[in-house]
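Report on the structure given below.
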There are 2 protein chains.
Amino acid sequence: MEIQKTSLVNIVIERIKNSILENKLKPNDKFLTEKELTEQLKVSRTVVREALISLQAVGILKIKPGGGIYIADTKLGTINSILKHHYETYGVKIRELIEIRKVIELGALRLIIEKQVPLDIQQLKEINESYLQAITTNGDTKKFDRIFHQSLIKATDNDTFYDFSEIIHQYFALVRIDLTENQDSLIESYKQHNEIVDAIKDNDLLHAQKTMTAHFEPIFTFIKKMEEES
Amino acid sequence: MEIQKTSLVNIVIERIKNSILENKLKPNDKFLTEKELTEQLKVSRTVVREALISLQAVGILKIKPGGGIYIADTKLGTINSILKHHYETYGVKIRELIEIRKVIELGALRLIIEKQVPLDIQQLKEINESYLQAITTNGDTKKFDRIFHQSLIKATDNDTFYDFSEIIHQYFALVRIDLTENQDSLIESYKQHNEIVDAIKDNDLLHAQKTMTAHFEPIFTFIKKMEEES
DNA sequence: AAATGAAAATTGGTCTGACAATATTATAAC
DNA sequence: GTTATAATATTGTCAGACCAATTTTCATTT
């Protein structure tokens, strides 16, 4: 007997959601005001407000004090706060998150090669060269490393996969991890990036995945050491 | 300048979250009542209610009319409504979701074998036998198929991976897909299940993944046919 | 003493009206 | 035309009231 009691607020929430879909409203579009909603839906302002706040909480609407109500522009962004709570509440292990990242990256390689998606090899190489330059000039290495891996995920021609990958990444960002990387290990990463791209070009999934696995090795040994110390 | 103006409601939300963490409240624990919160936090009932509703929307609290406020027991469950919106708003392709499922399942096999987690082979076999019985007696085949795959994910010794896998599964459940399966194809699935288990037992990752890939083949061809028709 | 059931108290749901804080728009001054 | 200021619109917060659902209390019955 899992019957949901339909409160007025829930009804209003559904109506608003439908209204958004029916009117094909896009992110940052202006929505109706509280006043308009109370008049159209013929419910109290209280109910309207609670519905709006609820929809804002799950990232569908964005309420601007004094400025009106808008369609939120974050695709799956509000999941962040939920993940934060999940992370704080349940004892999430760093190792778990890294394993998931590895699954995603290896999976991306498989999708790219198996599906034979058109891939801009040159662009990947260029990103990696920027990565190298950041390494040699003490630049923002993490930025270009992230762009490289993001590009791989994007290349899978699977937007939903990319969205979830981003979620995992943001989840991962909750964890402070101080992996001190010296220049040598960074250059090794650079070489691995190139090796992965070449393997993709050659449709050599095994080689690509093997290199990616090696790419993950340092962080796994780091985690293992951390776990042993604690 | 992305400074968030801290409305009273947001402050109350943070306080309540902290309160939950500090008091180490667990799912289904009873929380404070609206009255108690208004008195403790010295804000109006309106603010308290809007904060509570917001926290309910993201799956942290559960409000029972007349019965009080409780800590919600859904780990990442409330993400569902967000995913539903995501699915309805952005044109999510079924193919994308299946590809993600494949990445997860293949990743699970890798984790199981590479990490050499202790695995109850016998139990997996038994689940699969229940699957076979369901096939031959026109029983609930989907149920046991799901249990089998769930067990594999669980066996990775990675709770977070399992949680995300469940999210994807629930996302997938949004899609109505009528893949008519005859007895023969179901029995083929049963055999593949067994083959996968045996491959795991033999630490043969390649074989396990190859079989799993074959296991996914029917649904991919089905999707391809669907896409061609539309 | 235990079980039943009605009454009372508690708790969340909705409504109304008011005023404050913020953002937008219109107006006036230059 | 631009800028500064005032007026308006919109969301934020508050208070009080009543309704609906649940829980508790307690008298009644067995």
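The values are calculated or read from the model by the stated rules, or taken from the named source; none is laboratory data. It should be emphasised that the depicted structure is a prediction, and the values quoted were computed from it without experimental measurement. All Cβ positions, even for glycine, are placed from backbone atoms using ideal geometry, and neighbour counts span all protein chains on display. To get the accessible areas, we keep the full protein, side chains included, count just its heavy atoms, and leave off ligands, DNA and RNA. Shrake-Rupley method; radii C 1.70, N 1.55, O 1.52, S 1.80 Å.
On inspection, A:ILE98 fails the criterion of being open to solvent by 10 Å² or more (accessible area, probe 1.4 Å) and away from DNA strand D (no atom under 16 Å from the Cβ). Just one residue in the set A:GLY91, A:GLY66 is more than 16 Å from DNA strand C (Cβ to nearest atom), out of contact with any Phe, Trp or Tyr (no Cβ under 8 Å at 6 or more places or on another chain) and not in a helix (DSSP H, G or I); that residue is A:GLY91.
When residues in region B:12-59 are screened for being within 13 Å of DNA strand C (Cβ to nearest atom), open to solvent by 50 Å² or more (accessible area, probe 1.4 Å) and in a helix (DSSP H, G or I), 8 of them pass.
Applying the set (1) under 17 Å from A:ILE98 (Cα atoms); (2) at pLDDT 85 or above to A:ASP198 leaves exactly one unmet item: (1).
All of (1) farther than 30 Å from A:HIS193 by Cα; (2) open to solvent by 30 Å² or more (accessible area, probe 1.4 Å); (3) more than 16 Å from DNA strand C (Cβ to nearest atom) hold for A:HIS86 with one exception: (2).
Got at least one residue in region A:87-105 being over 17 Å from the mean Cα position of the chain (by Cα) and modelled with pLDDT of 90 or more? Checked region A:87-105: at least one residue is over 17 Å from the mean Cα position of the chain (by Cα) and modelled with pLDDT of 90 or more. The residues of region A:205-223 that are loosely packed, with under 15 Cβ neighbours inside 10 Å and touching a residue at least 40 places away in the same chain (Cβ under 8 Å) amount to a single one, A:PHE220.
The set of residues in region A:101-130 that are facing another protein chain (nearest Cβ under 10 Å) and open to solvent by 50 Å² or more (accessible area, probe 1.4 Å) comprises A:GLU114, A:LYS115. Of all residues in region B:28-76, those being of a type in the set (Gly, Ala, Ser), over 16 Å from A:ALA57 (Cα atoms) and either within 9 Å of another protein chain (Cβ to nearest Cβ) or in contact with a Cys (Cβ under 7 Å, 6 or more places away or on another chain) (or both) number 0. Evaluation of B:LEU152 against the conditions (1) part of a helix (DSSP H, G or I); (2) open to solvent by 30 Å² or more (accessible area, probe 1.4 Å) shows that the sole unmet condition is (2). Regarding region B:172-180, can at least one residue be identified that is open to solvent by 70 Å² or more (accessible area, probe 1.4 Å), modelled with pLDDT of 90 or more and not basic (Lys, Arg)? Taking every residue of region B:172-180 in turn, none turns out to be open to solvent by 70 Å² or more (accessible area, probe 1.4 Å), modelled with pLDDT of 90 or more and not basic (Lys, Arg).
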